[in-house]
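Any read-out appearing in this document is the output of simple, stated calculations on the displayed coordinates, not a laboratory observation. It should be emphasised that the depicted structure is a prediction, and the values quoted were computed from it without experimental measurement. Please note: Cβ atoms are built from the backbone with ideal geometry, for glycine as well, and neighbour counts cover all protein chains shown.
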Amino acid sequence: MIYKRFFQFTEYEERPVTDALVIHHTGFPNVDKDSTAAAIHKFHQEERKWAGIGYHYLIRKDGMIEQGRRPQMIGAHAFGHNKHSIGVCLAGNFDIGKPTNAQMKAVKELCRWLCRKYGLDPMKKGVIVGHRDVNDTACPGKNLYKRLGEIRRFCV
C-alpha cells in the first residue's frame, strides 16, 4: 500500500516518459534514523531550495511506502535523468547499515508494480539502477547496491 502525501510544490512539470527507476538511500550518518516524506519535503524546500521532495517514493524502515512527488511529476533525484525516471528512496545509510527485511520486501513490490505500470523490462540494462550508476555518488550505499539484482529478478 502506498500512502499518498499531498505536498505543495513551488513548481510542477510533468515527466514526458518513464524508462528507468533510480534507487537511492537517504544516507544520513545515523544508521538507525528513519525518515518521513514530510521531513524530506521540508528539507528539500528549505535547505536545497527545490520545489519539494525530490523522490517519488520513500520506503521507511518498517516498509511503509510514502508517495513524495506525484508519480507524473519530473523528479529531483538524479541529475540529468529526472525527466525520464522515477526516484525510489529507502530510509537509512546503506554504506554503514543494511536495509530492513520490510524495506526489501516493499522495494521489490514497488519496483515490480512500477515496471508493470510503465511496461519496463526490469532485466534490461539501465531500467532499475542505483543512483551511482547515473551520477558520481556512493548512493544507494554498498549494502543496498549489491542487492539490486535481487530486486530486478523479483520484478520479472
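From the cross-link list 83/124; 4/124; 42/146, which pairs have alpha carbons spaced over 26 Å apart?
From the list (83/124; 4/124; 42/146), the Cα-Cα distance tops 26 Å for 4/124; 42/146.
Remark on residue 51: its backbone amide H falls under 5 Å from none of the residues 5 or more positions apart or on other chains, H modelled at 1.01 Å from N.
When the Cα centres of the range 71-120 and the range 44-62 are compared, how far apart do they sit, in Å? When both Cα centres are located, 13 Å separates them. Listed peptides 58-69, 132-143, 9-20, 37-48 appear in the order 58-69, 132-143, 37-48, 9-20 once ranked by packing, highest mean of other Cβ atoms within 10 Å at the front. Assuming a ≥ b ≥ c are the square roots of the Cα gyration tensor eigenvalues, decide whether the range 1-140 counts as rounded (a/c under 1.5), prolate (otherwise, with a/b larger than b/c) or oblate. Note, shape of the range 1-140 comes out rounded.
Of all DSSP bridge pairs formed entirely within the chain, close to 20 percent run antiparallel. For the range 63-72, backbone phi angles converted through the Karplus equation (6.51, -1.76, 1.60; θ = phi - 60°) give residue-by-residue couplings of x, 5, 9, 10, 6, x, 5, 4, x, 7 Hz, Gly and Pro being listed as x.
Once you have a ≥ b ≥ c as the square roots of the Cα gyration tensor eigenvalues for the range 62-118, tell me rounded if a/c is under 1.5, and otherwise prolate or oblate according to whether a/b is larger than b/c. Cα axes put the range 62-118 in the oblate bin.
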